[in-house]
1. Give segment 49-96 a look and list any residue that's closer than 24 Å to Cys36 by Cα and of a type in the set (D, E, K, R), or say none.
2. Just to be sure before I move on: is Ser38 hydroxyl-bearing (Ser, Thr, Tyr) and at pLDDT below 85 in the structure I sent?
3. Just to be sure, is Leu90 exposed (fewer than 10 other Cβ atoms within 10 Å of the Cβ) and free of Cβ contacts under 8 Å to residues at least 24 places away in the same chain?
4. Look at Pro55 and say whether it is exposed (fewer than 10 other Cβ atoms within 10 Å of the Cβ), under 17 Å from the mean Cα position of the chain (by Cα) and part of a loop (DSSP other than H, G, I, E, B).
Amino acid sequence: MKAAGRDFSGEVGFVETELRLPVNHMVAPTKGALDCVSCHSRNGLLANVPGIFMPGRGSSHIVDLLGLIMLGGAFAGVLVHGALRIFMKLRNNGKA
């Protein structure tokens, strides 16, 4: 707390938490595992489990569109950056 400029009372506590799925999200070893789509789809095995987010279970057109825009922007940024580096190198006659 010194770094934050705050006094420390010396008391600590715990927050009550609830674990719904283990860290490995209940995927069996390779021999007995299902395909990912068995759970991660609209009609998958966990389709009716409320209160959790599961990739592939549902979608939002707005979130999908924003994701595509961000992906395209990142790709365009890489292309523009590379093109500018090449242009500047040629402009300076290969000088570093």
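The values are calculated or read from the model by the stated rules, or taken from the named source; none is laboratory data. On a predicted model such as this, the values are computed, not experimentally measured, just so you know. All Cβ positions, even for glycine, are placed from backbone atoms using ideal geometry, and neighbour counts span all protein chains on display.
1. Arg57, Asp64
2. Values: hydroxyl-bearing (Ser, Thr, Tyr): yes; at pLDDT below 85: no.
Against the criterion (hydroxyl-bearing (Ser, Thr, Tyr) and at pLDDT below 85), Ser38 does not qualify.
3. Values: exposed (fewer than 10 other Cβ atoms within 10 Å of the Cβ): yes; free of Cβ contacts under 8 Å to residues at least 24 places away in the same chain: yes.
When the stated conditions are applied, Leu90 passes them.
4. Numbers: exposed (fewer than 10 other Cβ atoms within 10 Å of the Cβ): yes; under 17 Å from the mean Cα position of the chain (by Cα): yes; part of a loop (DSSP other than H, G, I, E, B): yes.
Criteria met by Pro55.
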